[in-house]
Amino acid sequence: MTSIMGSAKLEFEKLTKGFMSFDVKPAPVDNNSCIPQGTALYDTIAGNSVSFEVTTYDRYQNLFYEDAAIESYVKHVQSKKIVPAHIVGNGQGAYGASYTLTLSGDWTLFLNIEGKPMMGSPFSMTVIPANVFASNCVAKGEGLSTCTAGELAMFDVTTFDAFGNRKTNGGSKVIGIIKGPGEGTCIVRDKAN
């Protein structure tokens, strides 16, 4: 039994002194032979475009160039929000999709071929908040409304990215500027949260 796909020539020397040509089609697409790759399989930053590509093969590792029914979506673990991934094929057995996730947290990528999970699916990834976006940050505390000259006035600043994701790690650069008739010093301490 042959597992080679493409054109073949079969010679019948003893029977008819002729030959016959035929095409060998691929076996059905094999979910375990189709391995996705791309940035969509790894952790990313909110707002970054991610993508994946899948090349389809049969169980003999022949390129499956016929149309395959590929479905994909990503699901946010915490909110259960679902984002469909729109698959585009090139007619040569390769399929791809790209999308942008703006909600931080844990996500799961589901990839199915012919209604069955692809090898390794579902895939887990984490979207971390993007850089601090000053307009979305919130300052709270008594020190914003009342203070006494010469005494420490305290308040907290909670940082968010442009998509409204709360920054949960420290390291963001926050600068405090005091404006008024007198001078003052604003000391910013990172709470690393």
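The values are calculated or read from the model by the stated rules, or taken from the named source; none is laboratory data. In this text the structure is predicted, and so the values were computed from the model without any measurement. No Cβ is skipped: glycine too gets one built from the backbone with ideal geometry, and neighbour counts run over all protein chains shown. Areas reflect the complete protein model, heavy atoms only, side chains present, ligands, DNA and RNA absent. Shrake-Rupley method; radii C 1.70, N 1.55, O 1.52, S 1.80 Å.
Is region 102-113 home to any residue that is loosely packed, with under 13 Cβ neighbours inside 10 Å, of a type in the set (A, V, I, L, M, F, W, C) and in a loop (DSSP other than H, G, I, E, B)?
No.
Would you pick out the residues in region 84-99 that are open to solvent by less than 30 Å² (accessible area, probe 1.4 Å) and under 18 Å from Tyr42 (Cα atoms)?
Correct list: Ala85, Gly96, Ala97, Tyr99.
So Val127 ticks every box in (1) of a type in the set (A, V, I, L, M); (2) assigned to a strand (DSSP E or B); (3) more than 18 Å from Thr44 (Cβ to Cβ); (4) under 22 Å from the mean Cα position of the chain (by Cα) but one. Which box is left unticked?
(3)
Those residues that are assigned to a strand (DSSP E or B), in contact (Cβ under 8 Å) with a residue 40 or more places away in the chain, within 17 Å of Asn112 (Cα to Cα) and open to solvent by 50 Å² or more (accessible area, probe 1.4 Å), I need them from region 52-67; list them, please.
Glu53
Given Lys173, Lys140, which one is modelled with pLDDT under 90 and loosely packed, with under 12 Cβ neighbours inside 10 Å?
Sole residue among the options that is modelled with pLDDT under 90 and loosely packed, with under 12 Cβ neighbours inside 10 Å: Lys173.
Residue-wise test of (1) closer than 22 Å to Pro26 by Cβ; (2) modelled with pLDDT under 95; (3) of a type in the set (D, E, K, R).
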{"position": "Arg59", "(1), (2), (3)": "yes, yes, yes"}
{"position": "Ala68", "(1), (2), (3)": "yes, yes, no"}
{"position": "Gln78", "(1), (2), (3)": "no, no, no"}
{"position": "Gln92", "(1), (2), (3)": "yes, yes, no"}
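Out of all the residues in region 68-84, which are touching a strand residue (DSSP E or B) at 6+ places or on another chain (Cβ under 8 Å) and without any contact (Cβ under 8 Å) to a residue 24 or more places away in the chain?
Residues satisfying the conditions are Lys81, Ile82, Val83, Pro84.
Can Glu71 be described as over 12 Å from the mean Cα position of the chain (by Cα), surrounded by fewer than 21 Cβ atoms within 10 Å (Cβ to Cβ) and assigned to a strand (DSSP E or B)?
The answer is yes for Glu71.
Of all residues in region 137-170, which are out of contact with any strand residue (DSSP E or B) (no Cβ under 7 Å at 6 or more places or on another chain) and under 23 Å from Leu101 (Cα atoms)?
Across region 137-170, the qualifying residues are Ala162, Phe163, Gly164, Asn165, Thr168, Asn169, Gly170.
Among the listed residues Met119, Met154, which satisfies the condition of being at negative phi, without any contact (Cβ under 8 Å) to a residue 40 or more places away in the chain and open to solvent by 90 Å² or more (accessible area, probe 1.4 Å)?
Selected residue: Met154, the only one of Met119, Met154 that is at negative phi, without any contact (Cβ under 8 Å) to a residue 40 or more places away in the chain and open to solvent by 90 Å² or more (accessible area, probe 1.4 Å).
Among the residues of region 27-42, is there at least one that is open to solvent by less than 20 Å² (accessible area, probe 1.4 Å) and aromatic (Phe, Trp, Tyr)?
Within region 27-42, not a single residue is open to solvent by less than 20 Å² (accessible area, probe 1.4 Å) and aromatic (Phe, Trp, Tyr).
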